[in-house]
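Everything on this sheet refers to the single structure shown next.
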């Protein structure tokens, strides 16, 4: 595996328009059971090419992931690539388009062709991940305007590049309903990465509180009052708690649960378009959280501020 990782050589245009995430930096995502099972089956499928040939099938190598921002789509893509010992080449499609804002659609289409072509030469040595895919994959329109014609032409180019690409291709979108139907059909696997349920939130909270620990009952209370939170928000919340517990003593601030969580939720908030969890929207929830077993246990018995 190490030789595969070392042999991938991003060209200048790949470096200009993509971010390379290495396998060693990946972490396993926390997924709902049905999504986790689908991902496991697909990964097994990718490793079962010879067996599938016996029934005239090939492994599906294209997957589109839908879900709200911050739900772990990039984390999952990185993990899937890492499981194969490969780097993931992340192209932010919205940024790609914005770089050419005001330029002709032809320039954008040429860039897509060049980028895909250069990644294709090493398609077996990486996984291609198209983030913010709705920036280019949006449904085609037939109003006859110049802007619509340019957008439709870009969609056709994307369709052609997906058909030609021989490697593993992932795409992520916050707006799956807006994706052009023809593009949607090009993806063999469709995953809905939604808001984490209670079990997922428990695992995420415990992961990002670590190396500090709290009793199960305390984490259960946090799970209750963070319903609707994305994994990204939960990570910010628990990293904020750890950070505050380290820094607050330096400023001689109160390190009670109420004080810590009040400071953290003031500086870390969900986006206005997202569901507002009770911890942020209900003072009673904050009061309940303030009653949990506190402070967290530090590794090797180390205490807050020591």
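Put simply, segment 8-132 fits an ellipsoid with semi-axes of 27, 18, 14 Å; these come from the alpha carbon gyration tensor as the roots of five times its eigenvalues, largest first. Computing FRET efficiency as 1/(1 + (r/R0)^6) for residue 185 and residue 141, where r is the C-beta to C-beta distance and R0 is 30 Å, gives about 0.95.
Between the helical axis of 73-83 and the longest alpha-carbon principal axis of the chain there is an angle of about 70 degrees.
Compared with the dominant Cα axis of the chain, that is its longest principal axis, helix 146-164 is turned about 90°. Taking the fewest neighbouring Cβ atoms within 10 Å as the starting point, the ordered list for 141, 238 is 141, 238. By the count of other C-beta atoms within 10 Å, a proxy for reagent exposure, 219, 158 are ordered fewest to most as 219, 158. Restricting attention to segment 2-192, close to 20% of DSSP beta bridges with both partner residues there are antiparallel. Listed by Cβ neighbour count within 10 Å, with the fewest neighbours leading, 108, 119 appear as 108, 119.
Build a GNM of the chain with springs between Cα atoms under 10 Å apart, and of 220, 197, 254 the one that fluctuates most is 254.
From its DSSP helices (H runs of at least four residues, each -39,500 (n - 2.57)), the chain gives a residue-normalised ellipticity at 222 nm of -14500 deg cm²/dmol. With no solvent and one equal point scatterer per Cα, compute the Debye intensity ratio I(q)/I(0) for segment 139-232 at 0.12, 0.13 Å⁻¹ and report its log10, rounded to two decimals. After summing over all Cα pairs, the log10 values are -0.62, -0.67. The long axis of helix 105-120 is offset from the longest Cα principal axis of the chain by roughly 80 degrees. If you bin all the Cα-Cα distances of the chain at 10 Å, starting from zero, the percentages per bin are 6, 24, 27, 22, 15, 7, 1. Plainly put, segment 198-301 has a radius of gyration that is 0.93 times its Kirkwood radius, both from alpha-carbon atoms, as the Rg/Rh ratio.
Quick note: the coordinates plus some simple rules give every number you see, no bench work behind them. Bear in mind the structure is a predicted one, so any value in this text is a computation, not a measurement. So basically every Cβ, Gly included, is an ideal-geometry build from the backbone, and we count neighbours across all protein chains shown.
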